[in-house]
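Below is one structure; the comments refer to it alone.
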Ligand code: BGP
């Protein structure tokens, strides 16, 4: 062991910052002319489903605290930040009249980012379907695809002179899984055929939004944010395990990655969908819409890998078909866990993603758009100076950055790293259970923000554009 230290430098103009979403941070969810989205409604009818009965109404209060928050971002070295526009705030009924208060709010927020020299990356859809749109079928209804494209066009026209990085969706597979298979999102349907329709319509909606963006000839870029979850087989030599891992990859990663980046679905996925009678309704011209509207860049959210093995038994045909018909989950004996969130921590996954993008997706420009560690009851770690000493988070980020750096040094075209998240925020059904922020948010004390040790540490990384590590 030596005490020597050395620095890993990141490419010039590397983006350092964090991500959040409108519903999780804005608060004021029923005020200032905003329409309801599915979260407002679900909380209204089933508040008991939400951790400690905390709903989306007052999430972290960014709506009124954005100026100080953006200043705080600057203070810890951010040069970029991602959030989303709330569709139901901008267009309360999803289609039709625009809420001028929302236009003013987003204009002010974007101006503040620009004043602080922080590049805003703006997402159009982060799990928050306007209720009026869900009431007529949500993503199952092709009309919503058109409504989304119109909403996207409105956003580009209103804010395109300020925003140069747009993303159509955040993790579009999540509303598919959580809303139509596993009951973590409204409308809590369990139906794989409907799930496939939702996924398909979402992919078309993304391409149509990109088509609108291109037609406006603005001078920015349009991308998509995907949660890529590398699928690792139990045994690399076992063909059945390899097959299971490949199917998991097709269903959960390539179902959006391929249409977004390559403009078409993988043949293997099409066959799987056909063989299982899951073909969605397709409209004339869709193929060309996908082919002609590929993304300019990719955001990748990475938290955990997916480890699978061959299914141990044949799926009971009396049960509704689920993705688990094609694989069983597998616990790697050497796994390291974030026990609070129940997710495996596997830092090398970020390198595998970097290489996959380089080798199989034309080395498209991409950035890490979310990576982070949610921990419960962090007050345990408050020191005498009222700072949470979250060394576990520093360790988590550091180890991921080391692997990311290796991917970049081997030629992967990665242009940034964003943490989830800047300040503790509301995590859907989990409310404020697991905390992810560089700033603590005291929900019992007017949402008071206080810096954590990780925020101070990140400032050094971001400002020096490099990571100091000790030689082992
Ligand atoms: C991602 C989402 C975020 C965020 C994060 C942490 O999947 O894009 O919205 O919530 O995960 O997960 P969770 O809040 O479920 O702990």
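So in the chain, what percent of DSSP beta bridges are antiparallel if you round to the nearest 5? Can you show the working numbers first?
Details: 18 of 53 bridges.
Here the share of antiparallel DSSP bridges comes out near 35 percent.
Label point of residue 471 set 7 angstrom out along Cα-Cβ; within the stretch 1-34, amide nitrogens under 14 Å from it belong to 1-8.
The overall shape of the stretch 345-413, judged from the alpha-carbon gyration tensor, is prolate: a/c is not under 1.5, and a/b is greater than b/c.
Spatial offset of the stretch 97-140 relative to the stretch 28-81 amounts to 12 Å, using the alpha carbon center of each.
For residue 359 and residue 136, FRET efficiency with R0 = 56 Å and r from the beta-carbon atoms, rounded to 0.05?
Numbers: r = 42 Å, r/R0 = 0.75.
After rounding, the FRET efficiency stands at 0.85.
Only residues of the stretch 442-470 count here: report those whose backbone N is under 20 Å from the spot 7 Å along Cα→Cβ of residue 6, or say none. Within reach of a label on residue 6, which here means backbone N under 20 Å from a point 7 Å along Cα→Cβ, the stretch 442-470 contributes 461, 464-470. Once you sort the root eigenvalues of the Cα gyration tensor of the stretch 5-470 as a ≥ b ≥ c, which label holds: rounded (a/c under 1.5), prolate (a/b larger than b/c) or oblate (the other case)? Note, shape of the stretch 5-470 comes out rounded.
Computed over the chain, the per-residue total of -39500 (n - 2.57) for DSSP H runs of n ≥ 4 gives a 222 nm mean residue ellipticity of -11000 deg cm²/dmol, rounded to 500. Here the label points at residue 93 and residue 314, each 7 Å from Cα along the C-beta direction, are separated by 5.3 nm in the simple model.
Using 0.36 nm times the number of residues separating residue 463 and residue 331, minus their current alpha carbon distance, what extension gain do you get? If you can, show how the numbers build up before the last one.
Working: separation 132, 0.36 × 132 = 47.52 nm, distance 3.86 nm.
Taking residue 463 through residue 331 to full extension adds about 43.7 nm, to one decimal.
Spin-label model, residue 48/residue 278: points 7 Å from Cα along the beta carbon direction are separated by 3.3 nm. Per-peptide packing, taken as the mean over residues of other Cβ atoms within 10 Å, places 352-361, 75-84, 217-226 in the sequence 75-84, 217-226, 352-361 from highest down.
Between residue 402 and residue 58, the modelled labels are 4.3 nm apart [label points 7 Å from Cα along Cα→Cβ]. For residue 104 and residue 68, what does the FRET efficiency come to when R0 = 25 Å and r is the distance between their Cβ atoms, rounded to the nearest 0.05? So the FRET efficiency works out to roughly 0.85.
Is the shape of the stretch 64-191 rounded, prolate or oblate, going by the alpha carbon gyration tensor and its root eigenvalues a ≥ b ≥ c, with a/c under 1.5 for rounded and a/b larger than b/c for prolate?
prolate
Rule-based calculations on the coordinates, nothing more; no lab input. On a predicted model such as this, the values are computed, not experimentally measured, just so you know. Neighbour counts run over all protein chains shown; Cβ positions are idealised from the backbone, glycine included.
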